């Protein structure tokens, strides 16, 4: 990496590289990329581009966009130009059908994997929507909508295992050969009990105390895991063997949790003010694009901006999308593109592809 002002690179005795970035109020001219909308898919009619609940997205090597619609339990396929090519899947229990479609991911060279959360079952399709194999994962001890799924450039599939709190890796496909597992580090989270009322009944539920730290994680195209404790702006690239290869750091202090915001949380949760942390979390989600660029969201809700680092771990500044992007489904970060969902009037969902202008 060439010398960049405001960036310090250190190599620790164990070989880990630490890239420390200052948090400038304005990045250097020419360093901050911009985003332009180049494709929008969606409609209000009954066509396949009318989404009921676009829960998961993936993009194949040819640029075709796959949309998992949880309302219809089907998968819609669109050309790179936005033309609807086919629809497959649907509600049911047979091969290629879903009781609860929870996530999809494209795996090189030509496989589409899907997760049925209710059956805890993986189904693999070809690009035409033909079923190649179905794999039952056993009794489920947890679920997520959408379900975290990744694939890497080596042809491996990575599936988050909720019950064991780990990422399971499978080699090749359409078979399901176990290739490894990565346990997600635990963070001690303090919970509190709340009483809810629904349908005339009262019940208690455990919720994490607001701004309690947790571990964010993702898998990049090289098959490495990225971990971050959301209380600090340190992003760790970790091998499946557990070795920390690189730390990308933004020297941004955690903001204090105080004033009206703190008072509001006390009123909403009913907590003793002393149980709230002194500082807020500094990041919400981490994604790594196919080109190695790192995209970090720092606020809950619709995405208004990303903190962005290039493949060398150099901070490029704050990048603002031309439209608000929903955090779920997870946006797909390609080489120079971002595919995600935005909402229009009346909460109509649109799949948009943004071009990264550097």
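Overview of results
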{"item": "Rg/Rh (Cα only; Kirkwood hydrodynamic radius) as it applies to region 79-204", "result": "1.06"}
{"item": "For the chain, built as a Gaussian network whose Cα springs stay under 10 Å, the top-fluctuating residue of 76, 260, 64", "result": "260"}
{"item": "Semi-axis lengths, Å, region 289-358, gyration tensor of Cα atoms, sqrt of 5 times eigenvalues", "result": "22, 13, 10"}
{"item": "Convex hull volume of the chain per residue (C-alpha atoms, cubic angstrom)", "result": "168"}
{"item": "Relative contact order %, the chain, counting alpha carbon pairs below 8 Å whose residues are six or more apart", "result": "17"}
{"item": "Extension gain (nm, one decimal) between residue 110 and residue 133, 0.36 nm per residue minus Cα-Cα", "result": "6.9 nm"}
{"item": "10 °C / 1.306 mPa s Stokes-Einstein diffusion coefficient of region 137-258, Kirkwood radius on C-alpha pairs, µm²/s", "result": "94"}
{"item": "Computed lengthening from residue 9 to residue 87, 0.36 nm per intervening residue step minus Cα-Cα distance", "result": "23.2 nm"}
{"item": "222 nm mean residue ellipticity, helices alone, for the chain (DSSP H n ≥ 4; -39,500 (n - 2.57); rounded to 500)", "result": "-1000 deg cm²/dmol"}
{"item": "Gaussian network model of the chain, springs between alpha carbon atoms under 10 Å - residue of 335, 201, 264 with greatest fluctuation", "result": "201"}
{"item": "Fraction of alpha-carbon pairs over 20 Å apart in region 9-147 - percent", "result": "56"}
{"item": "Order of 358, 221 under a 10 Å beta carbon neighbour criterion, fewest first", "result": "358, 221"}
{"item": "Candidates 77, 348, 288: whichever shows maximal mean-square fluctuation once the chain is modelled as a Gaussian network with Cα springs under 10 Å", "result": "348"}
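None of the figures in this text is laboratory data; all of them are computed from the coordinates on show. What you see is a predicted model; the values in this text were computed from it and never measured. Note that each Cβ is placed from the backbone with ideal geometry, even for glycine, and that neighbours are counted across all protein chains shown.
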